[in-house]
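Quick notes on the structure that follows.
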Amino acid sequence: MTSTRIPDIDRRALFKTLSYHLTKSAIAKKHVGLLIIDIRDFKRINRTFGFACGDQVLDDVIHRIRLISPHMECVIRMGNNEFALILPGMDSPAFVGLAVNRVRKEIDSSFRWYDKEFNVDICIGAAVTVGDRLSAQAMVLKSENALQQAKEEGLPFFLDTASDKDIDAFNWKLEKDLLDALAQNQLQLYYQPKISLANGLPLRAEALLRWNSPDHGSVPPDIMIPIIERAGKMTELTKWVLNSALRHLKDWPQTFGQMGVSINVPANIVHERTLRDMVNDALNIWGVKQEHLTLEITESAVIKDQQSSFSNLTHLNEAGIKISIDDFGTGYSSLEYFKNIPAKELKIDKSFVFNMFNDVADKNIVQLVIDLAHKFNLDVVAEGIEDVETLKILQTLGCDFAQGYYISHPISQSDFIKWLEEYDPSQFL
Ligand code: C2E
Ligand code: MG
Ligand code: MG
């Protein structure tokens, strides 16, 4: 376990930090969120494993919350087993939901105390405001009331009711503006390279959706995709992504040979027959060979409707298009599924890669996935590589491809062309 001890500070310090961020966000016309995170039945951990273990759990919880906040001062221990997370400068109030999911995901993986392994259950109360419309005191009160409500109703998370209404109103405008942007061709694709760990060559790049909205700032795909999905426009989006990516690929310098491009195919399209036609049409229009296109499909999408997905993917695979299983490790697939999977590549989810330098269990999982994938003749890509140490370990574990901020953040088409022109394959070997 890690031990990043942030000193306990009293509520006055929380008010001070929160007030500072409220004022700053008011100037920038941004939103501020507050999460109060409570460990359920913390006494049981002390009773079962002793106080030293309880202390370690508190340290570890605060460390895990810190992982999702770039601002050290925004993670505050408030009481014995309560923590506050301030979310300053948000473009959209809907980011609160994302932060809640991330906190829950971080805390969800098990805790260890010597040879014992156990889970920690948390409950979250949240509030959000635009600028400094609410005072720090009012924000804390609203989050605490929301936490109380979550506890009473046995829910993992509750958002203050007034914040909820604000988010609805905001989302309504966001949804309208986003669908207009999609219709008016104002969305963008950024590219993130995947390099070969055997020779350093950049062989493929993943296309990632971006939207720089004049009113909402830069809106991440995790917010955009569910909105587009709800509006029933995922086929339209995927068609646009596919065609834009293949058009862009034709302009990439061929210093290292013709690179391939990967696009993300959403779950609800994987089993649709239209996918095959859409892909074939786009390849014909842009004159791109099948082998230069990879379709990234999440593990859970294939599991959802296995029979029709497998038949669709088998056709695409036989036609020479690469199928890649994205976010592998998060979807609970069985070994049976491995036997028949019509794929050429497997991407290990970044949640396993982030900590593999410090966490032996994560490193072992990554090793296991690499060995398993190779047994089934699948290439392995590790995503989320943020430092040289992780890159080196992956090299020794026999991972085939690497993708992550350490190599390059996702960048615009023009920046990606420059990146390729200046790229030296020996730099990551
Ligand atoms: P994904 O397909 O698993 O894409 C990888 C995500 O990890 C990207 O986030 C990328 O920016 C991020 N990433 C890559 N390297 C690192 C790293 O070293 N550290 C960290 N912290 N993150 C890293 P992004 O662009 O926000 O996309 C999130 C998800 O949204 C994607 O996950 C994908 O599921 C979805 N998405 C993105 N673009 C599209 C699209 O065009 N169509 C569809 N259907 N989904 C998309
Ligand atoms: Mg992907
Ligand atoms: Mg992924």
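The values are calculated or read from the model by the stated rules, or taken from the named source; none is laboratory data. Keep in mind it's a predicted model, so treat the numbers as computed, not measured. Every residue, glycine among them, receives a Cβ derived from its backbone with ideal geometry; neighbour counts consider all protein chains shown.
Could you please find all residues in segment 280-315 being away from ligand 3 (no atom under 16 Å from the Cβ), modelled with pLDDT of 95 or more and of a type in the set (A, V, I, L, M)? Don't jump to the end; show me each part of the working.
First, the residues of segment 280-315 that are away from ligand 3 (no atom under 16 Å from the Cβ): 280-293, 304-315.
With the extra rule that they be modelled with pLDDT of 95 or more, the set shrinks to 280-293.
Result: ALA282, LEU283, ILE285, VAL288, LEU293.
TRP211 meets all of the listed conditions (1) surrounded by fewer than 18 Cβ atoms within 10 Å (Cβ to Cβ); (2) farther than 30 Å from VAL380 by Cβ but one, namely (1). Just one of the listed residues (ILE341, ILE325, ILE348, ILE297) is β-branched (Val, Ile, Thr), outside the structural domain of ASN101 (by TED's automatic domain parsing) and away from ligand 1 (no atom under 16 Å from the Cβ), and it is ILE341.
Quick grid of which residues meet (1) assigned to a helix (DSSP H, G or I); (2) in contact (Cβ under 8 Å) with a residue 12 or more places away in the chain; (3) not aliphatic (A, V, I, L, M):
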{"site": "TYR20", "(1), (2), (3)": "yes, no, yes"}
{"site": "THR23", "(1), (2), (3)": "yes, yes, yes"}
{"site": "VAL32", "(1), (2), (3)": "no, yes, no"}
{"site": "ARG47", "(1), (2), (3)": "yes, no, yes"}
{"site": "CYS53", "(1), (2), (3)": "yes, yes, yes"}
{"site": "GLN56", "(1), (2), (3)": "yes, yes, yes"}
{"site": "ILE62", "(1), (2), (3)": "yes, yes, no"}
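Residue-by-condition table, conditions (1) surrounded by fewer than 17 Cβ atoms within 10 Å (Cβ to Cβ); (2) assigned by TED's automatic domain parsing to the domain that holds LYS322; (3) within 16 Å of ligand 3 (Cβ to nearest atom):
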| site | (1), (2), (3) |
| --- | --- |
| LEU179 | yes, yes, no |
| GLN186 | yes, yes, no |
| SER196 | no, yes, no |
| VAL219 | no, yes, no |
| ILE223 | no, yes, no |
| GLU236 | yes, yes, no |
| LEU242 | no, yes, no |
| LYS250 | yes, yes, no |
| VAL270 | no, yes, yes |
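For segment 411-420, the set of residues classified as crowded, with 18+ Cβ neighbours inside 10 Å and either over 16 Å from VAL261 (Cα atoms) or among the polar types (S, T, N, Q) (or both) consists of GLN413 only. Applying a threshold of 8 Å to beta carbon distances and a minimum spacing of six or more residues, or different chains, the list of pairs starting in segment 272-297 at a residue that is in contact (Cβ under 8 Å) with a residue 12 or more places away in the chain and ending at one that is surrounded by fewer than 15 Cβ atoms within 10 Å (Cβ to Cβ) and among the basic types (Lys, Arg) reads LEU283/LYS289; TRP286/LYS250; GLY287/LYS250; VAL288/LYS250. Residue-level check: of (1) over 22 Å from the mean Cα position of the chain (by Cα); (2) surrounded by fewer than 22 Cβ atoms within 10 Å (Cβ to Cβ), PHE83 misses just (2). ILE323 falls short on exactly one of the conditions (1) among the β-branched types (Val, Ile, Thr); (2) surrounded by 17 or more Cβ atoms within 10 Å (Cβ to Cβ); (3) more than 16 Å from ligand 2 (Cβ to nearest atom), and that condition is (3).
How many residues does segment 120-153 hold that are part of a loop (DSSP other than H, G, I, E, B), surrounded by fewer than 16 Cβ atoms within 10 Å (Cβ to Cβ) and at pLDDT 90 or above?
Looking only at segment 120-153, we keep the residues that are part of a loop (DSSP other than H, G, I, E, B), and these are 120-121, 131-135.
Add one more test, that the residue is surrounded by fewer than 16 Cβ atoms within 10 Å (Cβ to Cβ), and what stays is 121, 133, 135.
Among the residues that remain, those that are also at pLDDT 90 or above are: 121.
Here the count works out to 1.
How about segment 179-240: which strands (runs of 3 or more DSSP E) wholly inside it have at least 2 residues that are touching an Asp or Glu at 6+ places or on another chain (Cβ under 8 Å) and under 26 Å from HIS31 (Cα atoms)? Break it down into steps so the answer makes sense when it comes.
On the way: elements: 188-196, 202-213, 217-219.
The qualifying strands (runs of 3 or more DSSP E) are 217-219.
Counting residues in segment 371-384 that are within 16 Å of ligand 1 (Cβ to nearest atom) and in a helix (DSSP H, G or I) gives zero. The criterion of being touching a His at 6+ places or on another chain (Cβ under 8 Å), basic (Lys, Arg) and not in a loop (DSSP other than H, G, I, E, B) does not hold for ARG247.
Look through segment 384-410, keep the residues that are away from ligand 2 (no atom under 16 Å from the Cβ) and aliphatic (A, V, I, L, M), and return whichever of them is surrounded by the most Cβ atoms within 10 Å (Cβ to Cβ). Applying the filter and picking the extreme gives LEU394. Screening VAL100 against (1) in contact with a helix residue (DSSP H, G or I) (Cβ under 8 Å, 6 or more places away or on another chain); (2) at pLDDT 90 or above leaves a single unmet condition, (1).
When the residues of segment 69-80 are filtered to those that are more than 17 Å from ILE39 (Cβ to Cβ) and of a type outside the set (Ser, Thr, Tyr), which remaining residue is farthest from the chain's Cα centre (by Cα)? Break it down stepwise before answering.
Filtering segment 69-80 down to residues more than 17 Å from ILE39 (Cβ to Cβ) leaves 69-74.
Among the residues that remain, those that are also of a type outside the set (Ser, Thr, Tyr) are: 70-74.
Values: PRO70: 15, HIS71: 19, MET72: 21, GLU73: 23, CYS74: 21 Å.
Filtering segment 69-80 for residues that are more than 17 Å from ILE39 (Cβ to Cβ) and of a type outside the set (Ser, Thr, Tyr), the one farthest from the chain's Cα centre (by Cα) comes out as GLU73.
Could you go through segment 20-31 and let me know if any residue there is closer than 25 Å to VAL360 by Cβ, over 28 Å from the mean Cα position of the chain (by Cα) and at pLDDT 90 or above. Checking segment 20-31: not a single residue is closer than 25 Å to VAL360 by Cβ, over 28 Å from the mean Cα position of the chain (by Cα) and at pLDDT 90 or above.
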